[in-house]
Amino acid sequence: MIYINPNSFESPVTKYVMKNSNHIIIDDATVINDDKRNIVLASAPDEFVHACPGTKIYRCCNYHNLDIMQGCPFDCSYCILQAYLPHKMIKVATDIDMIKGQIVAAAVQNKIRLGSGELSDSLAIDHIVPLSKFLIPIANNLDNLQFEFKTKSANIKNLLELNPKNILVSWSLNPQVIIDADEHNTASLDKRLEAAKTLSECGYKIAFHFDPLIMVDGFRGYYDELFDKLFSMIDERSVEFISISSFRAPKELIEAMLLRGELPRFLHHDFTKGLDGKLRYFKSLRIAILRYIHERISREWKRVFIYFCMEHDTVWNDIIGIDPGQRAEFEMLFPHS
Amino acid sequence: MKYKLGAVDRIDKTSFNFALQRAGSLVPIVCKVDEIFYQITGFEIESNEYLIVEVNSLAAINLAVAFYDNLSILSLSKIANLISVLGINYKDVDIFKSKNITVDRIFNAYKIITAYNESIKKYLDEKSLPNKTLEFLSILDSHTLDFLADYIQQNNFPSQQSVVIFIDQLMLNRDLIKATKYTKDFKFMDMRSTAHKDIDDKLVNINKLIIPAKIFNNDNYELPKINLSVTFDKQVTFDIFLKKLNENRDEINNFFDKLKKYDLY
């Protein structure tokens with residue numbers, strides 16, 4: 001159900017939703033059942049643009065997040081939102097003018113990579129709350145900006161009618177066996193790749209996140225199948241970058257995962273506490289899977305920029321012999337920079 | 001709050017008797033709530049006379065709790081069940097606020113404790129556990145709870161820290177111990193990879209050779225280094241240290257090679 005706070009009536013986002021979807025007007029969101037199926041539109045003035053928190057210990061690429069939407073209809077067993085957000089419902093901030101001002105301010109001097117996929121899936125509810133229709137025109141007026149919609153959906157209909165100029169759409173990819181076990185309610189691997197192919201043919205830059213890599217029996221075989229599909233369906237020239245990282249989790253996320261009715265089986269593995277306090281695969285294993293995925297991609301796609309998200313410089317050095325440096329220095333490696 | 005001294009014919013002496021420790025008062029106190037008399041203190045005192053206080057059910061709970069310095073988890077569980085019967089919202093009860101029991105899932109985790117088997121209840125009447133651990137307990141099935149009860153019993157009421165760690169492991173392994181009965185030599189499955197075990201074993205062997213020194217990596221091998229620790233309480237220990245280190249330098253060099261083999265150095 002869609003709930004609308006009257007404080008957002010003036011927002012074009014709210015006007016659109018009120019015109020096109022059934023909704024309930026409600027002053028107090030605390031009375032709404034806290035459920036992933038519920039969407040709440042409200043004005044919630046805030047600082048919406050944030051640098052990725054990162055850590056000083058692991059290499060951070062200086063990505064920026066636009067926290068316009070908090071909550072996700074998908075139910076991935078490993079989702080960090082289980083630890084980050086105190087609610088399950090999806091809250092959408094409707095303060096488009098304020099958000100525009102903040103994006104413009106962030107992009108006025110420096111090139112910036114910004115995306116709405118940290119506290120939500122960027123496109124999962126775009127057919128109901130079409131933020132793409134409002135964010136893309138803003139992004140396309142700012143040539144310092146590359147705006148990323150990060151998704152596990154195939155919900156791209158709105159994007160087909162919009163200008164792809166400064167826009168990048170990315171998909172988080174995992175083998176179908178992991179999607180079935182751990183990425184509940186998301187689009188299948190085939191659907192994600194078909195959506196990526198369609199948008200790339202429309203002129204969108206696309207990207208892929210192999211994040212989180214999850215160790216399961218038959219890991220290489222499953223990922224090989226995925227790569228066969230990826231390489232046969234997608235033209236390398238449309239791929240802006242690929243990120244790779246293995247599953248990692250703060251204590252709070254592990255607790256949330258343990259409390260899930262069905263225990264995620266992949267937790268039965270060799271995890272140790274990393275330098276940032278998060279649980280990660282034992283480093284030796286981690287390097288083995290990161291190296292495998294990196295080699296597999298770079299063997300086929302020689303041009304695409306591949307990076308490791310939140311990894312130690314020793315891991316970078318071990319696998320590809322470079323240290324990307326921290327934040328701004330790291331960001332210089334991206335094609336957009 | 002109205003109160004008076006007097007006799008009472010029919011008293012509910014059990015509902016508010018939720019703690020092992022005794023709530024002291026010179027005269028037993030009885031709360032009159034909706035024409036029902038609940039004794040809240042002085043359960044051990046033989047008396048025909050009571051201090052009768054006329055209050056609503058919430059005030060009765062808050063008053064009863066105020067007589068105790070600290071209530072056990074089991075007592076809190078009994079109170080959780082009592083307030084449910086009395087139709088009180090736990091968010092209004094002072095003791096639950098003070099224990100950070102502010103969301104339904106934690107409150108429910110407390111409420112269910114009275115249904116656990118006796119050794120777990122006894123443990124929770126004597127020792128405290130974090131709310132998160134109680135929440136974990138609340139989703140375990142009866143077999144896994146029995147497994148925990150046996151662990152507590154056979155290990156003579158282990159420390160809180162040991163129980164917290166054991167319950168964390170139970171949560172992670174709950175699917176794997178379905179047909180297992182706890183015995184003292186039980187060990188949870190070793191999740192370490194072959195590489196990890198190989199390195200740990202090698203380290204144990206080296207450390208036997210270089211006593212009183214010890215080598216280790218204190219960040220789970222995230223950084224490519226090894227630490228060396230040794231304490232010299234006598235000059236002769238220093239000589240022994242140098243000698244053993246020298247005798248075993250190849251072993252230590254081999255350890256670096258092993259780290260390299262597994263991409264850790």
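Coordinate-derived values only; no laboratory data. If you're wondering where the values come from, they're calculated on a predicted model, not measured in any experiment. Note that we place each Cβ from the backbone using ideal geometry, even for glycine, and neighbour counts take in every protein chain shown.
Counted over the protein assembly as shown, the DSSP beta bridges are approximately 40% antiparallel. For segment A:218-243 and segment A:111-177, what is the separation of their Cα centres, given in Å? One Cα centre to the other: 20 Å. Restricting segment A:225-278 to GluC sites (Glu not before Pro) that sit in a DSSP loop and have at most 16 other Cβ atoms within 10 Å of their own Cβ leaves A:262.
Could you state the per residue volume, in Å³, of the convex hull enclosing the Cα atoms of segment B:63-193?
Working: hull volume 15.6 nm³, N = 131.
Given the Cα convex hull of segment B:63-193, per-residue volume reads 119 Å³.
Isolated cysteines in chain A, defined as those with no second cysteine Cβ under 4.7 Å, comprise A:52, A:60, A:61, A:72, A:202, A:309. Whole Å is fine, so just give me how far the alpha carbon centre of segment B:172-194 lies from that of segment B:107-139. Answer, in whole Å: 22. Quick check: Cα centre of segment A:49-110 to Cα centre of segment B:200-238, how many Å? So the separation of the two Cα centres works out to 44 Å.
So what is the calculated 222 nm ellipticity per residue for chain B, using -39500 (n - 2.57) for each DSSP H run with n of 4 or more, over all residues, to the nearest 500 deg cm²/dmol? Don't skip to the end; give the middle numbers.
Details: 11 runs with 124 residues, N = 265.
It comes out at -14500 deg cm²/dmol, rounded to the nearest 500.
Using a ≥ b ≥ c from the Cα gyration tensor of segment B:110-176 (square roots of the eigenvalues), is it rounded, prolate or oblate, where a/c under 1.5 gives rounded and otherwise the larger of a/b and b/c decides, a/b for prolate? Note, shape of segment B:110-176 comes out rounded. Panel note: the C-alpha atoms of segment A:85-129, placed on their principal axes, show extents of 36, 25, 20 Å (largest first). Take every DSSP beta bridge whose two residues both sit in segment A:228-337; close to 55 percent of them are antiparallel.
Each eigenvalue of the Cα gyration tensor of chain A, multiplied by 5 and square-rooted, gives one semi-axis; in descending order these are 31, 23, 20 Å. Gyration tensor over the Cα atoms of segment A:1-131: the corresponding equivalent ellipsoid has semi-axes (square roots of 5 times the eigenvalues, largest first) of 26, 19, 12 Å. Of the candidates A:59, A:113, A:260, which one comes out as most mobile in a Gaussian network treatment of chain A with C-alpha springs shorter than 10 Å? Of the options given, A:260 has the highest mean-square fluctuation.
Decide, for chain B, between rounded, prolate and oblate: order the square roots of the alpha carbon gyration tensor eigenvalues as a ≥ b ≥ c, take rounded if a/c falls under 1.5, and otherwise choose prolate if a/b is larger than b/c, else oblate. All intermediate terms of the calculation are to be shown ahead of the outcome.
Details: a/c = 3.59, a/b = 2.75, b/c = 1.30.
Prolate is the answer for chain B, as a/c is 1.5 or above and a/b outweighs b/c.
For the options B:46, B:222, B:135, a Gaussian network treatment of chain B with springs between C-alpha atoms closer than 10 Å singles out B:222 as fluctuating the most.
Radius of gyration over Kirkwood radius for segment A:134-274, both on Cα atoms: the Rg/Rh ratio is 1.01.
What shape does the protein assembly as shown have by the C-alpha gyration tensor, where a ≥ b ≥ c are the square roots of the eigenvalues, rounded means a/c under 1.5, and otherwise prolate means a/b greater than b/c and oblate the rest? Oblate.
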